[in-house]
Amino acid sequence: MHVEETIQQAEAIFRFTQEVDRRLAECGINGATELLTIYRQLRAALDRVPLPELEWARQETQRLEERLQALGGELKHLCALKAAFQVPH
């Protein structure tokens, strides 16, 4: 009985790996080997970009977003003011 259980477990694992490969193929990835290759490429690419540079870019983006929001608020007030002056008397 122990051998039969081992065979069933092996078959279940095999079916699972086939299902994983099928799901990866739906995403255009040819199996777990290709997925690991992509993972290694991504790590190598990210290793070339220092974390302090990414943090600097994030902070600059946040500052720009805040300035644009402030500018948007000023433009909104300007539009309201212009609309108030265009009301026929």
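Descriptive notes on the structure:
- Every helix of 4 or more DSSP H residues in the chain counts as -39500 (n - 2.57), and over all residues that averages to -31000 deg cm²/dmol at 222 nm.
- Additional length obtainable on full extension of the chain from A70 to H2, 0.36 nm per residue less Cα span: 17.4 nm
- Among Y39, G28, Q86 the positive-end extreme of the charge dipole of the chain (Cβ point charges): Q86
- Label-to-label distance, N30 versus C79, with points set 7 angstrom from Cα along the beta-carbon direction: 5.2 nm.
- Residues A44 and T17, FRET efficiency given R0 of 41 Å [Cβ-Cβ distance, rounded to 0.05]: 0.95
- Exposure proxy order (Cβ contacts within 10 Å, fewest to most) of D21, D47: D47, D21
Where a number appears in this text, it was derived from the coordinates with a stated rule and is not lab data. As the structure is a prediction and not an experimental result, all values here were calculated from the model. With ideal geometry, Cβ positions are generated from the backbone for all residues, glycine too; neighbour counts draw on all protein chains shown.
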